[in-house]
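Please treat every number below as a calculation from the coordinates, not as lab data. None of the values given here were measured: they were computed from a predicted structure. Using ideal geometry, Cβ is built from the backbone for each residue, glycine included, and neighbour counts are taken over all protein chains shown.
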Amino acid sequence: MHDEHDFLSPEHVDEYIEQFPKSLNTDDAYLINDLQQYYQESAQQHTTSLNHVWERMRVQQAYKDHATENALASTASTTSQQPVEMQKRIITMQQKSGAQNKTNKQKIGLITTTAAVVVLVASMLIAFTALQPGKQKGHTSTASNNTTTKAATPFVPHIGAPDPGIYITTVGNGNDMPLKKIDLKTHKVVWTYKLGNSSLTTPVAQEGAIYIAHDQTPGNDKFVTAIDSKTGKPRWEADLGSDIEIQHIPITDEMRAAHEEMGSPFPAKQKYIDNMVDHSWLATPTVVNGVVYMENEGGRITALDASTGKQLWVQKVGDIAYVDGTRYNANPLVVVNNVVYGSIHKTLFALDANTGKRVWLKTIDDQQIFAAPVVDNGMIYLTSAHAGSHTTTNASATAYAYNSQNGQLVWSKDLGKQYTVGSITLANHMLYVGTLAMTGGTDMGAANFTSHMFFALSETNGEIKWQNTVGSPFVTPLFENNILYLQEAATFNNGVKQTPDILHAYNPTTGVQLWQKNIDGISPAELHDGIIYGTGPGHDVSALSAKDGSVLWQGEYAAKAIDKMGEDGGRVFSLTVVPQK
């Protein structure tokens, strides 16, 4: 028998579950989570069909997402590029991919299957209007806030800059994503450290160590580990606990009717379904002045001693990265002049870096999702996009400038009807940001999401200085010697590649192109001393010349990861470079 607050019974689990499938390998779990976020109620209402979708998702996706398919738009469009509003999780999973061709082919199958799910459950979507914020009768939250630190063998801290090298995480078979150090001169692996499971974040090199956030199976707890950059030995590992919310979702008459139709009726006495949402996932850490700062999806900010991992303080900012049943990512924090600046959902905040106490907090419309902030010269620059743009045509994007002292808005710039927008990159007194436009049609079935836009804005007032259609929200521009480098991602149609990855070099002030180079399969990530470092193709790390985009060297560092469909999803997942002095 079911109690009034009974957890989901087996026949209902796949319809409402929000947590990651812990039994799957790393990438499968990530991809299932992304599908749950994007397709929301449709994905939750039809377990049988979703099982087929999950089987298609056994192929690994890539870092810093460029172009993923939109399931609803795919019913009226043959284009396979799908916009995603899931910020860094999907951004992390595609841009640095060495297997974009295979990934996009798999997305076509995924979208086709999911479109079928949408058709099957379209008549039941009204049943889930009760899930909108403000219509839930209540929820409880359980959060484990006690940080525990496991110290490694006593060590003498490596004070100063981290050891030069290329630090990468790779995806192979199983759940483990090892962290590796590559020698800058010999290009050989110096050491490998197994994280124990997976990481959605980028390694951070500071204080003579590499800091990385990750999870471990089993359980929902999230961890931060500090690894000595010279030896590859762990200094400490901090367990930040979990941040779980249990939503008591009222069962409406429409939901009862839908379940009757599916042959799985709710017991008459059952009034609620308890749905677990995991807000524990961490953003990439920020390490400043001997302190590690992190934000999770539940708006919990944690400060740790960078030498020992000991918790210094914890602060909740009063907002979560969860809107209308969709989870969004936490954003990396920025620390300037002893103030921690951050954003989550609709909230922009400033905290005292020593105590975690609030300095100020500002909010915008609750249907907007802030990207990560950039702080410079007393100003905070960031963007936002409409949270519902993946289910409605309310697409919009805005750039903002706030006073960092008091949080007052200085200016805002409407970037038009954009489906999603990336984080701002600041260089040459200009703000650079990519978007994915929503063009054509008045509803999701007729809309077209294939138009990328890249804007160069004045930092003074947000005026658009120039724009093109090369960049996207999933590509970070690189700068050196007054040249802007921007990747144009490969495009696909029905799984067939139409155009390759192309590296463009521009005058950053005028937007005039200087040259372009076919770099198919390579995703540029960092630029140091005339060398562009990127992931791909395949299992490789590549180094390109900033003069003309030619390949300087390539090396294979990721293992093969053959799934049940025979596809190899092994790849380099993230990359951080510490250059030679």
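Would you please give the FRET efficiency between residue 405 and residue 526, computed as 1/(1 + (r/R0)^6) with r the Cβ-Cβ distance and R0 = 35 Å, to the nearest 0.05?
In this case the efficiency is close to 0.65.
With both labels modelled 7 Å from their Cα along Cα-to-Cβ, the residue 231 to residue 499 distance reads 5.1 nm. Can you figure out the FRET efficiency of residue 365 with residue 338, using R₀ = 35 Å and their beta-carbon distance, to the nearest 0.05? Taking R0 as 35 Å, the efficiency between residue 365 and residue 338 is 0.70.
Tell me, Kirkwood radius of the stretch 448-515 from alpha-carbon pair distances, in Å? Numbers along the way, then the final one.
Numbers: mean 1/r = 0.0763 Å⁻¹.
Radius from the Kirkwood sum: 13.1 Å.
Couplings for the stretch 231-245, taken from phi via the Karplus curve 6.51 cos²θ - 1.76 cosθ + 1.60 with θ = phi - 60°, read 9, x, 8, x, 8, 6, 9, 10, 8, 8, x, 10, 9, 10, 10 Hz in order; Gly and Pro are left as x.
Show me the ranking of peptides 555-561, 431-437 by mean Cβ neighbours inside 10 Å, starting with the highest.
Numbers: 555-561: 18.9, 431-437: 26.4.
Highest to lowest by the protection proxy: 431-437, 555-561.
For the listed peptides 398-407, 469-478, a ranking on the average number of other beta carbons within 10 Å per residue, highest first, reads 469-478, 398-407.
Evaluating 6.51 cos²θ - 1.76 cosθ + 1.60 at θ = phi - 60° for every residue in the stretch 563-575, the Karplus couplings come out as 8, 5, 8, x, 8, 9, x, x, 6, 7, 8, 9, 8 Hz, glycine and proline recorded as x.
Dipole size of the stretch 273-355 about its Cα centre, with +1 on Lys/Arg Cβ and -1 on Asp/Glu Cβ: approximately 160 debye, rounded to the nearest 20.
For the stretch 195-300, what number results from the quotient of the Cα radius of gyration and 2.2 N^0.38 Å?
On the way: Rg = 20.5 Å, N = 106, 2.2 N^0.38 = 12.9 Å.
So the stretch 195-300 has a normalised radius of gyration of 1.58.
Scalar couplings 3J(HN,Hα) for the stretch 288-296, obtained by applying the Karplus form with A = 6.51, B = -1.76, C = 1.60 to θ = phi - 60°, are 9, 6, x, 10, 9, 10, 9, 10, 10 Hz; x denotes Gly and Pro. Simple spin-label model, 7 Å along Cα-to-Cβ: residue 581 to residue 429 in nm? Taking the simple label geometry, residue 581 and residue 429 are separated by 3.2 nm. Set the Förster radius R0 to 22 Å, insert the Cβ-Cβ distance between residue 469 and residue 376 as r into 1/(1 + (r/R0)^6), and round the FRET efficiency to 0.05. Given R0 = 22 Å and the Cβ-Cβ separation, E is 0.20.
Quick check on the stretch 401-553: take the gyration tensor over C-alpha atoms, sort the square-rooted eigenvalues as a ≥ b ≥ c, and tell me if it's rounded (a/c under 1.5), prolate or oblate. Walk me through the intermediate numbers first.
Numbers: a/c = 2.12, a/b = 1.18, b/c = 1.80.
Cα axes put the stretch 401-553 in the oblate bin.
For the stretch 242-299, the spherically averaged projection of the C-alpha convex hull amounts to 5.7 nm². Convex hull volume of the C-alpha atoms in the stretch 541-581, normalised per residue: 99 Å³.
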